[in-house]
Structure formats: C-alpha cells, structure tokens
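Peer 1: There's a structure below that I have some questions on.
The values are calculated or read from the model by the stated rules, or taken from the named source; none is laboratory data. Small disclaimer: the values here were computed from a predicted structure and weren't measured. Please note: Cβ atoms are built from the backbone with ideal geometry, for glycine as well, and neighbour counts cover all protein chains shown.
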Amino acid sequence: MSTIDLRLQAVLDGERDAGDLPADLRETYVRLMAAAELLEAAPRLSVAARVMAEVRQLPAPAPLQNLGPMRRAVRWLSRPRAVTLRLRPVWTLALAAGLAAILLLPLQPPTSKPTPGASEGVANFVGHFPGARSVEVVGSFNNWTPGVLPLNDKHHDGVWHGTAVLPAGQHEYMFVVDGERWVADPLAGRYVDDGFGAGQQNSLLIVRPSTAEP
C-alpha cells in the first residue's frame, strides 16, 4: 500500500513551504488545494462526485504514525468504538435489590393508624377554617408547642382534620391558624380560663381510655 509522501504531509501540516516540493508532489498539492477551494466556494452545493474523483487520483492516505499530532488525535476520536459496561457480581446484586425495593414500594399496604395503649385514647380534632394555609393543634399534651400536631385539609374544603393518641384524662388545647392566630375550638363544648387574666379560654378535651377487645 502506497503512502502519502512525508514532504507533502509536512506542507499540509504547515511545517514546510509548498515551493520546496518537487514537480510531481507540487501537482498533487495543487489538486488538493483546488478541491478544498471548491468546498469553500460553494458550501451549499454538492461537489462530492468531483472531490471524490480528485481524491481517487491521489496516493493512499498516510498511516497513523505519519500524521501530525493533531490529525492523529482527530482520526482516533472520529472512529466509532464499542463501549462495554461490566458490573461486578456484588454491584449487580446490590443494583437488583435496589430496583426490586423501588418496584415493590407501591405494593406495600398503607401504614395502619397508631393503636392506643390501655391508658390512652384517640383524640379527633376537626376545625372549619376556610382559606387557611395551615392549621395545627397545641395544648397541654404537647407543651403548647407549634409544629407537633398539624391538621390536614384533605378535600380542600376548609375542613381540617387530625388524629392523635393521647393519655386518658383532661387536656386543654387551641387551634393555631396560619402559624399566628390562636383560636379556641368552637365545637369543643367545654372551656377553661387560660390563666392569663384576660378572659381568654382554652378548649377542653376529655380523652377516655381505649377498651381492650377480648
């Protein structure tokens, strides 16, 4: 297989003047430059047939070792290459286990409601606050701390619901609307003075102990 002359290659790489080439190589160089000028002059027209005719008359392309560093890199990167991903057995098992866990999550039964003990009971809180962004319950059972027992407006109808397991007995509580407005439960039925002397009242809740089933 014939290869491109190193002198011509040096001219193409810009390392040598074309005037130093002998007549036969200079003619080859002229044909190459003419083909390049055709491509630059008419980029929107198909000149493939003419360029290929010119190329067929040229010597075979140089081997990779005869090319300049930049051209060798371009040729190597332009070649299609197959990429094979191999997983070690341990990583394969871990990946399969993770995918199985993700797929099985929707099939798991919903978490059941907490079951109160013998000295506990279930307290249901319901408040009607249309337009509220958040509603929560604070009381003596959570040291009047906001953020512990939020309620949920599941149907977006302004009716907020919540359930909690509390010790059996009496508990004072209030609703906190939008994080700043403290409101007594108008449906509580029982109220006690809040102890601050301003005539405000807290709602009163009586939690009865759960009855163990036989």
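Peer 1: Among the residues of the range 14-23, how many are part of a helix (DSSP H, G or I) and surrounded by 10 or more Cβ atoms within 10 Å (Cβ to Cβ)?
Peer 2: 2
Peer 1: Scan the range 128-153 residue by residue and report those that are without any contact (Cβ under 8 Å) to a residue 60 or more places away in the chain and in a strand (DSSP E or B).
Peer 2: Across the range 128-153, the qualifying residues are HIS128, VAL135, GLU136, VAL137, VAL138, PRO150, ASN152.
Peer 1: Within the range 149-162, is there a residue that is loosely packed, with under 13 Cβ neighbours inside 10 Å, modelled with pLDDT of 90 or more and farther than 26 Å from THR115 by Cα?
Peer 2: Scanning the range 149-162 turns up at least one residue that is loosely packed, with under 13 Cβ neighbours inside 10 Å, modelled with pLDDT of 90 or more and farther than 26 Å from THR115 by Cα.
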